[in-house]
Amino acid sequence: LSKEYRGKVVRTKANSRSLMEKVAEEKIFASRDGKTQFQPAFDALLSLVKILELVAREKMTLSELVATLPRFYRERREVPCPWEEKGRIMRALFEENKDRPIEAVDGLKVFHDHGWALVLPDAEEPVFQIYSEGTSPEQAEELARLYMERINELQMK
C-alpha cells in the first residue's frame, strides 16, 4: 500500500513514546513551524478531517475508498510466561527463525508467505503478546496458534 502511494514505512517500537519520537524525527504531520502537534491515532478530529480531505481529493465515497484497500485479517493472543523465562524463549524463537525474513524493532516479527506474526514480550505483565496478520482469517489464526503453541512448548523444556 505504501509503495502504491509512494509512501514510506517507518518502524517504531510498540509504544506511544517511541511513535511520537519517530514522528518528530521524521517530521510527519508537522505544522509550518516544524513542530509536531497532532497524531491521528490519538486525535479523532484530525483523523476525521484527513479522511474527508481524502474523500474530496479522490472524488470517491468513503465506502468506495474502503473497497480499494487490500483485505488483511488480524489475530491477537496472550500467552502466560514467567518473567525469568522470557529471554530464553525469545532467544530460541530468534534462532528458530534465523532463515526467515524478520524484524526486531520491538519483539520478534517473522514474515511468512501469507502473513506475519509478532511475538512481543509484555513489559508490564508476565506474558507474551502475539499479533498476527494474514490474507485470510484462517492464515492469521494459524500464525497466532503456531507461535502460541511454540512458546508453550519452549516453556516445558
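Scan segment 148-157 for residues that are without any contact (Cβ under 8 Å) to a residue 60 or more places away in the chain and assigned to a helix (DSSP H, G or I) and the total you get is 4. Those helices (runs of 4 or more DSSP H) of segment 43-133 in which 3 or more residues are closer than 19 Å to Ala14 by Cα occupy 83-96. Scan segment 125-146 for residues that are in contact (Cβ under 8 Å) with a residue 60 or more places away in the chain and buried (at least 17 other Cβ atoms within 10 Å of the Cβ) and the total you get is 6. Taking the listed residues Val9, Val66, Val55, the one that is surrounded by 10 or more Cβ atoms within 10 Å (Cβ to Cβ), β-branched (Val, Ile, Thr) and either in contact with a His (Cβ under 8 Å, 6 or more places away or on another chain) or at pLDDT 70 or above (or both) is Val55, with no other qualifying. Candidates Gly134, Gly115: the one that is assigned by TED's automatic domain parsing to the domain that holds Val79 and either on the phi > 0 side of the Ramachandran plot or touching a Lys or Arg at 6+ places or on another chain (Cβ under 6 Å) (or both) is Gly115.
Here is a check on your reading of the model: is Asp122 more than 16 Å from Arg150 (Cβ to Cβ), surrounded by 12 or more Cβ atoms within 10 Å (Cβ to Cβ), charged (D, E, K, R) and in contact (Cβ under 8 Å) with a residue 60 or more places away in the chain? Spelling it out, it is not the case that Asp122 is more than 16 Å from Arg150 (Cβ to Cβ), surrounded by 12 or more Cβ atoms within 10 Å (Cβ to Cβ), charged (D, E, K, R) and in contact (Cβ under 8 Å) with a residue 60 or more places away in the chain. Within segment 86-119, being within 20 Å of Lys157 (Cα to Cα), in contact (Cβ under 8 Å) with a residue 60 or more places away in the chain and among the aliphatic types (A, V, I, L, M) holds for Ile89, Ala92, Leu93. Taking each residue of segment 50-75 that is more than 22 Å from Leu143 (Cα to Cα) and touching a residue at least 12 places away in the same chain (Cβ under 8 Å) and looking for partners that are surrounded by 10 or more Cβ atoms within 10 Å (Cβ to Cβ) and of a type in the set (S, T, N, Q) with beta-carbon atoms closer than 6 Å, six or more apart or interchain, yields nothing. The single condition among (1) modelled with pLDDT of 80 or more; (2) surrounded by 10 or more Cβ atoms within 10 Å (Cβ to Cβ); (3) closer than 30 Å to Ala104 by Cα that Pro40 does not satisfy is (1).
The values are calculated or read from the model by the stated rules, or taken from the named source; none is laboratory data. Just so it is clear, the model here is predicted, and its values are computed rather than measured. No Cβ is skipped: glycine too gets one built from the backbone with ideal geometry, and neighbour counts run over all protein chains shown.
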